[in-house]
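Taken together, the values in this text are just the output of simple stated rules run on the coordinates, not laboratory data. A quick note: this is a predicted structure, and the numbers were derived from the prediction, not measured. Because the Cβ atoms are built from the backbone with ideal geometry, glycine has one as well, and the counts that use them run over all protein chains shown.
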Amino acid sequence: MKRYLIKGLLVITLISTILLVACATTPSDTTTTSGTSSSGPKELKIGILAWMGWPNGLDMVRGTELMAEMDNKNGGLSIGSDRYNVTIIKYDSNNDQSTAASAVNKLVFEDKVKFIITDGFFTSAVLPTTDKNNVILAGWAPDYDVALSPNYKYHFDACGFDGIQVALTGWFCKKYPEKANNIVFAFPDNQQGHANAKGNEEQLAVLGAKPTSVFYPASSQDLSALGTKVKTLNPAAFSAAGGGPVSDGLAIKAVFDAGYRGTFFANATQPAITLSQIITNEALEGFICGAFPVEFDPAQTEIAKEFKAAWIAKYEKWEGPEIISTGQYAGLRNALQKAGTLDVDKVSDVIFSGMEYEGPTGRGKMISRPDLGNSRTVDSILNIYVKQIKSGNPTVLDSISIEDGVVSFNKVYGASK
Amino acid sequence: MLIGQLIFDGMAMGLVFVILATGLVLITSVNKILFFAYGAFYTIGAYGVWYAMRLFDLPYFISLLLGILCSAALGVLSYLLIFRRLQFMERGFLATLIASMGLFKFLSQGGLLVFGTVPRSIPSVFEGNLNFMGINITSDKVAIIVIGVVITVILFLVYEKTAIGRSMRAVTISPEAAALQGVDINSIYMMTLGMGTGLAGIAGGILAPTYGINPLMGANILWTVMLMAMLGGMDSLLGAVVGGIVIGQLLSFGQYYIGGAIQIIIFLIIGVVLYFKPAGLLGRGIDIGI
């Protein structure tokens, strides 16, 4: 009896010890890039909400995590008198609004994050939650007239998506006015495509050009009919930008295969590596498009060089990932460090006062949106490069400064800071 | 000549859709599964070709064979691991429908992680083009048309003239009666899923040199193929052929004259057809076990 009692107590003690050890080391069910130590830097939690079943979303998460890892390796972010290691907490929106809303609720109420980065699919859907709970949300939104309105106190867009389009369009109109007056733009026939088309037509009208917009089925691989149509119209220039690298690449390929030999241009930043997977070098020869400093070999800025090297070290090769949204982290990081505090109001004050920052996508500056009634600098312009593809490789054709970008932006959207 | 160009382009488009639609119809009519994961096998076939050419430096046609085998083998594995049990359950149709959606999600997400986010390309196999009476005829589209016709003919011969095809048709009409006649219905189900997914792999491998490869290509094509199959009849191979060719021409002409709105018109046409002929143009309305 006594022996059984002792054995029983030993078993219970062993099980209890195992359970205690298991509880102490149970990993979080969200991915983090860094933990905290009791004596080292403090922890800064940043949430990411992105559709990770889409290449752009996945690349955005990877790019942001990599930037956080690089910051942590350098001793963390210096914010005020403290240093912070960045912990990324990511959730997949699954391209579903209710999933996105649920994820944001988790980030805000369970994970208690104060800073969230999103890829743009559901920015407007989650803004009411984040804004109401004093959480800063960084993300592009296709319905920017809603997202960037003065109604929201804690939202900004530092990826410069709209600014890139305007800057490149302005550059093209100035450099090739005769081609800008006879240019066909192709867009996918979905919400984003139509939104881009409308914005594009408005921009070009202000900049003094006359585009023709044509639409193709968003999910189609065979765009022969589009090619035939463009060949028939025979404009001075053709542009496909707004469907993403794959759709835009297929559109350009179809138009080239149909026999069109005018100027190919894109007022977007399609990586040459990605385009060359779909379009032959012959079709790409002379193609003019926007580019980030990281795309060139060597990269054009120090930050871009470091980021590219880190990406290659982690993922073994550089295949033209879509990193436009890494600008959100770059902007947020800069704001935190300049504010010297995690207080969201003080961080917001920095962002909305014309903050300048830099990331792998280049130097950026926050600008206001007077056309949306917002005098705070909620949008952004980047120092964007213009590349021309020669023998399959991107070469620097020009660089559009932030100031030049702002000039084009002001023409289109009214006087911005 | 514009009309000729649109007809030629529509034929190339349609033949690819025919290959895809026949595979889907085969699975739907024999296995009684609405196979939502079908698009993923189209993607896997394409990536299989790419990997065989890039990693093992194999010629295109050998790589194409490997890509097809890869898709077919995964289809057989899916049957053995997932669908074999579910098919015979009560409310098996719903169970297999949900399972196929889950399989699609699994393969798509897994594909994104394994294959990466960057589109891939395969060097063009058929190069060159000629201008015939104003029609720009490219070699790759001629190849697609020829291969599409050959595969469709072979499929019909197998389905109509061979013992396996006879067994498939018997299982389509009544699995119980077929089993009583000595047909191993498990093997037929497995073979059909393998054949169907293999056909998806063929389509992916044939199109890869022309349109490139990207992780989302399967999702994009799935709905168009389903529409085609519905138009022709979900249980009719001939209907799939007719549906594919019709949709191909509609898309070609529609995209030129109307743009993306052609898809709305196609939906309307299919709606009208199904209103008057619920089983599709050439479908027999066989019970698929809902």
Looking only at the protein assembly as shown, where both bridge partners belong to it, what percent of the DSSP beta bridges are antiparallel (to the nearest 5)?
45
The stretch A:122-221 - percent relative contact order, Cα under 8 Å, separation 6 or more
22
For A:ILE384, distant residues with modelled amide H under 5 Å away
A:ILE400
As a footprinting exposure proxy, order A:CYS289, B:CYS70 by other Cβ within 10 Å, with the fewest listed first.
B:CYS70, A:CYS289
B:VAL158 to A:ASN105: FRET efficiency via 1/(1 + (r/R0)^6), r the Cβ-Cβ distance, R0 51 Å, to the nearest 0.05?
0.40
Residue exposure sequence - B:LEU199, B:LEU155, A:LEU233, B:LEU15 - by fewest surrounding Cβ within 10 Å:
A:LEU233, B:LEU155, B:LEU15, B:LEU199
Once amide H atoms are built 1.01 Å from N in the peptide plane, which residues 5 or more positions from A:THR87, or in another chain, come under 5 Å H to H?
A:LEU44, A:LYS45, A:ILE46
Taking the Cα of B:ARG166, stepping 7 Å toward and past its beta carbon, and measuring to each backbone N in the stretch B:179-206: which are under 19 Å?
B:179-189, B:191-192
Here FRET efficiency (C-beta to C-beta, A:GLN192 to B:ALA177, R₀ 41 Å, nearest 0.05) is 0.20
Here P(r) for the protein assembly as shown, Cα-Cα distances in 10 Å bins, as whole percents, is 3, 14, 22, 23, 18, 12, 5, 2, 0, 0, 0
Where a Cα-Cα gap under 23 Å defines reach, which lysines qualify for A:LYS365, not counting those fewer than 8 residues away within the same chain?
A:LYS114, A:LYS153, A:LYS174, A:LYS305, A:LYS308, A:LYS338, A:LYS346, A:LYS387, A:LYS411, A:LYS417
Kindly write out, for the stretch A:369-375 in residue order, the coupling ³J(HN,Hα) from the Karplus curve 6.51 cos²θ - 1.76 cosθ + 1.60 (θ = phi - 60°), rounded to whole Hz, with x marking Gly and Pro.
10, x, 5, 9, x, 10, 7
Once R0 is set to 51 Å, what does the formula 1/(1 + (r/R0)^6) return for the Cβ-Cβ distance between B:MET1 and A:ASP96, expressed as a FRET efficiency to the nearest 0.05?
0.65
Candidates A:ARG333, A:ARG261, A:ARG363; GNM for chain A (alpha-carbon contacts under 10 Å) flags as most fluctuating A:ARG261
Test of understanding: what is the full-extension gain from A:ASP345 to A:THR280, defined as 0.36 nm times their sequence separation minus their Cα-Cα distance?
18.4 nm
For peptide A:222-234, compute the average count of partner chain beta-carbon atoms within 10 Å of each residue's beta-carbon.
6
Each residue of the stretch A:119-127 in order: what ³J(HN,Hα) in whole Hz does its phi give by Karplus 6.51 cos²θ - 1.76 cosθ + 1.60, θ = phi - 60°, with x for Gly and Pro?
7, x, 5, 10, 4, 5, 6, 9, 4
Along the stretch A:93-103, Karplus-curve 3J(HN,Hα) (6.51, -1.76, 1.60; θ = phi - 60°) to the nearest Hz, with x for Gly and Pro, reads 7, 6, 6, 9, 5, 5, 5, 5, 4, 5, 5
List A:ILE164, B:ILE33, B:ILE82, B:ILE269 from most exposed to least, where exposure is judged by having the fewest other Cβ atoms within 10 Å.
B:ILE269, B:ILE82, A:ILE164, B:ILE33
